[in-house]
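The values are calculated or read from the model by the stated rules, or taken from the named source; none is laboratory data. From a predicted model like this one, the values you see are computed outputs, not experimental measurements. Here the Cβ is made from the backbone with ideal geometry for all residues, glycine too, and neighbour counts use every protein chain on show. Quick note on the areas: whole protein, heavy atoms, side chains included, nothing else; ligands and nucleic acids left out. Shrake-Rupley method; radii C 1.70, N 1.55, O 1.52, S 1.80 Å.
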Amino acid sequence: MIKTVEQYLESLNDGREVWCLGEKVKDVRTHPSVRTIIEMAAMDYVLPNHPDYKHLFVTKDKDGEDINFLLTSPKTPEDMLHRRECYMVGMRSGGGVLVHCMGADALAAFSVAAEVMDKKLGTNYMERVEKYRTYLQKNDLALTGAITDVKGDRSLHPSAQKQHKDFYLRIVDKKKDGIVVRGAKVHISASPCANELLCLPCRTHGEADKDYALGFAVPVNAKGVKLLGVEPNTRLYGDEGEFDYPMSDHLQPSESLIIFDDVFVPWERVFMCGEWQYSQILAYAFASYHRLFGTCKMTHTLEMMTGAASLIAEYNGVQNVPHVRKKLSWMAYITETVQMLAKQACLDPQTEFGMDVMMPNRMAINASKWTYASNFHTMCQHMQDIGGGLTTTVPAFRDWKNPEIQPFIEKYLAAKDGVPTEDRLRILRLIKDVTSNHWQVDTIHGEGSMAAQEMFLYGSADWKKYQAAAKRAAHMDGWQDNPVYGKLPRVEESVKLPPVDTSYQSFPPTVKK
């Protein structure tokens, strides 16, 4: 089924335990701060019901019923491109498919890991995953992925922590009908507006850590689940919020610290339980899928930033100044490079671990994520440089709307003739907002830190191919068995020229002999 917006909003009134700024939230739909993310997440249910986008977000299940495409498993490059297009449309709409991004990526990762474990261990995890997938599809549930553990002392493995053993989510009891879990997950996006939490490891494990090799799903309103610290980025609403904080006004709060206080999970919702050898597969698969979403998210942000820099350059009358054009050209280059690398990750996907489920090309998708994360601060620098000092001292909405002082702002903060002063102020407020601390930290660490991308890039690189290229060029042995370079014909073996004419004075003496 495909839910309406109204049905989705009603599903959130389920007694979930959410806390914001030290107060328990009575209803996430009516709380003055939390409702902003609920409104944004509801776009996940607007787009599938929109006549112009229904074809993109809605597909059929085996029974011929309408279901959300993002709840299906990608099997072809076309599926990956389709998934990417859903993410792009969602982000550009201002909604961001918030409750069908992390969760859908976690669900896809479960499919990969479950099939591997079933084949190697004789488990029945794939059957559980597919039954759960069907449950999500039939009820059109909003879901998010709970991945990142709080970690404690990062120099120690989960089971070796000193203060307590719950810095990583773990199994504390096994019962006939299920398991009991305890621990916490942090930075979990869209959790206040989800119906379901899909939990999986954020790292590899050793045998001593088998109780932490854990994957499962629970409703957000399950007994013992607590969502803490949903802090708003701003408490301004309506016209004032849109003017002063055009991005963060509606994009925060979303993240939570999720406490699992001895939560019971029935066996049919358990998708990994102590199989420590396979936690890496689950974590790696999720990272590949979710970085595809991350690049789609940042494509929208980079397009917006590049557009804002271009507009303020025009408003300030400096769009043709050489150093400004150079900065704008570089910003356009980064924006398009991120998008093209992500698209290539879909066009050349991987079938990892022998599975038939497609995953984004790991090298391309991590290169895309690393490109925007490593260049984001320079994007901010260029925006601030082109905007000038007013980027930080631009008046706020209440200043602009005060009839006593607005005429002075109108007169003295005008710039290029023909450009309304209010337009200039709004773009400057946008630049100030999007270059704030929240956006810079989120960009670097969202969907995995830069160190994580570097690890994936190193691990995904075909070092044998690179070394074969070097050995062949240096006329050394060791390249002949490489599948790329070993088959290539060599010039000296393939092209037979007439004997060298040694009569030239410049002919090397060593060759004359």
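Measuring with a 1.4 angstrom probe and ignoring ligands and nucleic acids, residue 172 comes out at about 50 Å² accessible.
Count Lys and Arg as plus one, Asp and Glu as minus one, and take only other residues whose Cβ is under 14 Å from that of residue 333; the net charge is then +1. Using alpha carbons only, the radius of gyration of region 350-392 set against its Kirkwood radius gives Rg/Rh = 1.38. Surface analysis of the chain yields an accessible area of 47 Å² per residue, using protein heavy atoms and a 1.4 Å probe. Where [x] 1.06; [y] 1.02; [z] 0.99 are the candidate values, the label of the one calculated here for Rg/Rh (Cα atoms, Kirkwood Rh) is [x].
Using the Karplus relation 6.51 cos²θ - 1.76 cosθ + 1.60 with θ = phi - 60°, the per-residue 3J(HN,Hα) values for region 290-306 come to 6, 6, 5, 4, x, 5, 5, 4, 6, 4, 4, 5, 5, 4, 5, 5, 5 Hz, with x marking Gly and Pro.
Across q = 0.10, 0.11, 0.21 Å⁻¹, region 51-160 modelled as identical point scatterers on its alpha-carbon atoms has Debye log10 I(q)/I(0) values of -0.37, -0.44, -1.20, in the order of the q list.
Among the listed pairs 75/369; 26/54; 54/297; 75/464; 120/176, those whose Cα-Cα separation exceeds 26 Å are 26/54; 75/464. Where does the Debye-calculated log10 I(q)/I(0) of region 122-212 sit at q = 0.24 Å⁻¹, using only Cα point scatterers of equal weight, no solvent? Result of the Debye calculation: -1.28. So what's region 163-208 giving for Rg/Rh, alpha carbon basis, Kirkwood Rh from the mean inverse pair distance? Using only Cα positions, Rg/Rh for region 163-208 is 1.00. Rolling a 1.4 angstrom probe over the chain with all protein chains present gives an accessible area of which 53% lies on carbon and sulfur atoms.
Accessible area of residue 271 (1.4 Å probe, protein heavy atoms only, ligands and nucleic acids ignored): about 0 Å². Alpha-carbon geometry of region 41-103: the Rg and the Dmax are 11.1, 33 Å, given in that order. Label separation (residue 157 vs residue 408): 6.7 nm, computed from points 7 Å beyond Cα along the C-beta direction. Annotation: aspartates and glutamates with alpha-carbon distance below 18 angstrom to residue 24 (same-chain offsets under eight excluded): 14, 231, 255, 261.
Exposed loop sites were defined as GluC sites (Glu not before Pro) in DSSP loop states (anything but H, G, I, E or B) carrying at most 15 other C-beta atoms within 10 Å; in the chain the longest segment without such a site runs 66-403. Of the trypsin sites (Lys or Arg not before Pro) in region 21-95, the ones in a loop by DSSP (not H, G, I, E or B) with at most 12 other beta carbons within 10 Å are 26, 62.
When the residues 202, 20 are ordered by accessible surface, computed with a 1.4 Å probe over the protein chains alone, the sequence from largest down reads 202, 20.
Qualifying trypsin sites (Lys or Arg not before Pro) in region 107-162, where qualification requires a DSSP coil assignment and no more than 10 other C-beta atoms within 10 Å, comprise 154, 162. Normalising by residue count, region 371-426 has a Cα convex hull of 97 Å³ per residue.
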